[in-house]
1. Give the distance, in whole Å, between the Cα centre of the range A:141-181 and the Cα centre of the range B:124-167.
2. Among A:L136, A:N193, A:V114, whose Cα sits farthest toward the positive end of the charge dipole of chain A (+1 at Cβ of Lys/Arg, -1 at Cβ of Asp/Glu, about the Cα centre)?
3. Residue by residue through A:386-393, how many Cβ atoms from other chains fall within 10 Å of the Cβ on average?
4. Can you give me the long-range amide H partners of A:T235? Hydrogens built in the peptide plane at 1.01 Å from N, cutoff under 5 Å, separation of 5 or more residues or another chain.
5. Enumerate the calculated ³J(HN,Hα) couplings along the range A:76-88 in order (Karplus 6.51 cos²θ - 1.76 cosθ + 1.60, θ = phi - 60°), each rounded to whole Hz, writing x wherever the residue is Gly or Pro.
6. Taking square-rooted eigenvalues a ≥ b ≥ c of the alpha carbon gyration tensor, is the range A:115-183 rounded, prolate or oblate, where a/c under 1.5 means rounded and, failing that, a/b exceeding b/c means prolate?
7. Shape call for the protein assembly as shown from the C-alpha gyration tensor, a ≥ b ≥ c root eigenvalues: rounded (a/c under 1.5), prolate (a/b greater than b/c) or oblate?
8. Sort A:440-449, A:43-52 by the packing proxy (mean of other Cβ within 10 Å over each peptide's residues), most packed first.
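The values are calculated or read from the model by the stated rules, or taken from the named source; none is laboratory data. Here the structure is a predicted model, which means the values were calculated and not measured. Because the Cβ atoms are built from the backbone with ideal geometry, glycine has one as well, and the counts that use them run over all protein chains shown. Each accessible area value is taken on the protein alone, full model and side chains, heavy atoms only, with ligands, DNA and RNA left out. Shrake-Rupley method; radii C 1.70, N 1.55, O 1.52, S 1.80 Å.
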Amino acid sequence: MTAQDIPAASGSDAAIPAPGPDSAREVLTIKGLTKQFPGTLALDDVSFGVRQGEIHALLGENGAGKSTLIKCICGAYSATGGDVLIEGKPVQITSPADAGAAGIAVVHQHMNLVPTMSVAENLHLGEKLPRRAGLLNWSEVHRRARQVLDRVGVDIPTTALISELRPEQHAMISIARAVSAEARIIILDEPTNALLPHEVERLFDQMRVLTRKGHSFLYVSHRLSEVFQIADRATVLRDGRLSGTFDRSNMTHAGIVGAIVGRDGALAERRVRSHSTDGTLMRVQDLSGRRADGISFDLAAGEIVGIAGLPGSGADETMNLLFGRRRSTRGGIEIDGKPVRLRDPGDAIAAGIAYVPRNRLAEAVFHADSVRANVTLPSLAKYLREPILRLVHRGREDEAAREVTERMRVRMPGIEASIDDLSGGNQQKVVLGRWLSTGANIFLLNSPTAAVDVGAKKEIYDLIDELAREGKGIVFASTELEEYALVCDRVFVFAAGRVAGELRGEDVTEPNIMTLAAGGALAA
Amino acid sequence: MTATTSDNSADPQPRPSFDWITFLSRWGTLISLGLLIILFSIGRPEVFMTLRNMLNILNQVSILGMIAFGLTICLVVGLFDLSIGAMATFGGYFAARFLMELNVENGFAVVIVILVVLALAALIGMINGALIAYLGISAIVETLAMSFVATGIILGISGGRTVYATEIPEAFTIIGQGKIAGIPNPVLILLLLGFVLWVFLEHTQTGRNMYALGGNREASRLSGISFSRYALIAMAISGACAALGGLVAGANLGAGRPQGVGDVYLLNAFVAVFIGASTMKPGKFHILGTAVGVLLIGVINNGLSVMGVQTFWQYIVQGGILILALISASLNSVRRS
Ligand SMILES: Nc1ncnc2c1ncn2[C@@H]1O[C@H](COP(=O)(O)OP(=O)(O)OP(=O)(O)O)[C@@H](O)[C@H]1O
Ligand SMILES: [Mg+2]
């Protein structure tokens, strides 16, 4: 069967049969899908179906095969075995164009926008651009782009370059593109990782509107609260095999988590922490930068301080200032009572600070390199044979890499595997783990659990806890507000470049954070 | 830490299956090198597959090899160096010119002069690196500009006049023409340089940091690796290696030519390094790969001329092999994307 045999593109609502009582009709059926990578069986005989007008969650641990499954559906990978059926008819999809023609739109886990092009151009990628008198009609290009963005309520100028935008804006643009294609099957691979709560809400609203029109969603996420909020059904993969498909009626937290981790999994819960917080590790005084003003706080040994706020609120900027990614304009930092100057990240590392950036692929992963090299890079100086030629002692380096990957429970074929072949969550563990052996005392963690599965999330929380108990100081930020309550002793909420309020203990709740972040005041 | 996910040991055992694409993308270039050698050996067994001819091939590619090794270093960091052609000419000409002007005779003084020339080339490389790193200029444009400047300076100082063999001490020409234990000196220099740079890239922290920078510059910065420092080092090495190549070429030729020495090597060096990046470790620039690339070029040129094939074929075959190498390297990434 060739691309021509695929049912015609569904550019308009007319092509989609109206949702009827017959909503058990499957638009997308996966039959016995198998994908073998060298050394890894990523998918093993997986079968399930996505019904018309439903939001179908696809769940599973890091490396369970979710992204691989999606890539097999949209033709980015060719499956080793099995079939993909659309409306009950087998289709052969070997390229994104085929997928588009079959009515499938995909937002991949890893951004697929062209950084050097404008928002409008990106929204038209792969499409015929409107013309006038044989030349490109730019005003029409921008007008259409505007329409697409307005649908999902994104107010980004269509002339902006992708490279100038923030990650959450990238995500919204990718989503807008998929949604605007009016594909009848829209696949979203962890679309909410970089989104803030109100953006997630807007996305969900849009998804619900589309399901009422008969579109279907296959939706990957590690955020179970979102899944319960929006999904009609859920399919769970485990080690590349189908672990179960759940209907709304039998979707329980325990059931789903059990299916994901393979036994009754304990969910992360709020901890009562009782560590000593004496001895100031770091004192921040009147620290100011371009987007943050007059930040002052003390970080005690064993303390976990949260930094929360909307983009541009100064929360991110504070993280950057603390690591020397940006130079401060005023104020300073003392570590162990000694003032330190942070001109660049090198200074911060020398002062014993570790940093996990939010954007793993762009800021943390050394592509095309081995897991080993990715783990040991910032601590290589510890494994040198001698200080002059700086020859690296491979035996000791390997040992360190093995130790860290074991402690972090990284799933991989071995420490020499390419980092790019690891699933997103396992890459994140590597990125976090690399700082364990640097001897850092202060950990700046910006969304350390982004794209990490439930089980691993808990492991990372435990790890943070363990670090705190060892007497390290931790500054934590996340796009998932619920995490602050799980992780932090106290939280500074930022608004308009300043600390709008400090929350402690029981007061660290999502609503409180949201209120302060939005510039409101808390009821006494 | 309590475990909630399964242990690594619980993972399904990898089921090995032979993967042609990975195999070809790794070993394709080496296989074609082997096939070519077999082909030429069958074609002209009495000429091609002799020790003499093998050493001859190595000797023919030694200068290209030195330049390509240096280029590998700056490509590892992610920088193109288009000034290597001019720097080779620079090395060859100024070594000869200084030796002539200073009227140096003894071997020790020759070594000093050579070191000074190499240091000058490294300095120019560092200027390249500084302009690229601190001003944020694109390496391609900057090094192209620098190669014009260097060419201009050489032409200006030389007045277009070649320094001839009679004006150069024998202690210098022996570098390019002599042998030790039957092995031509340029080959020995090449092997030594290759070994040193291999150790440097693969086994020192500096080299590893360079790979990190090439892999992800922002992530490197966040790991405390300063791009500017390594850009300077990489460009200095590249400049010095190119000058060394030119210098050995000059010694071999017994003349210091002010133009046209390095240009021949510029494109071939890039070809060799890119063939190398599709060998054994696809997508990664490395010294062993570059060595294979250099050998491939040497074997094609030598083999075809031994077989009496016309020169234009050498270009066609070389271009074809490069395309094949790039295809085999990209097979992997095509599948991955
Ligand atoms: N290109 C590849 N080559 C080899 N192995 C791969 C490749 N891509 C993925 N894998 C392996 O296949 C398995 C499934 O990976 P996949 O990316 O589908 O996981 P995932 O469920 O999306 O995880 P995550 O939630 O972390 O994104 C993993 O073990 C991964 O290491
Ligand atoms: Mg994934």
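1. Here the answer is 46 Å between Cα centres.
2. Highest projection toward the positive end goes to A:L136.
3. 4
4. Those qualifying (amide H under 5 Å, at least 5 residues apart or on another chain) are A:A57, A:L58, A:L59, A:F246.
5. 6, 10, 9, 5, 6, x, x, 10, 10, 10, 10, 6, x
6. Prolate is the answer for the range A:115-183, as a/c is 1.5 or above and a/b outweighs b/c.
7. Cα axes put the protein assembly as shown in the prolate bin.
8. A:440-449, A:43-52
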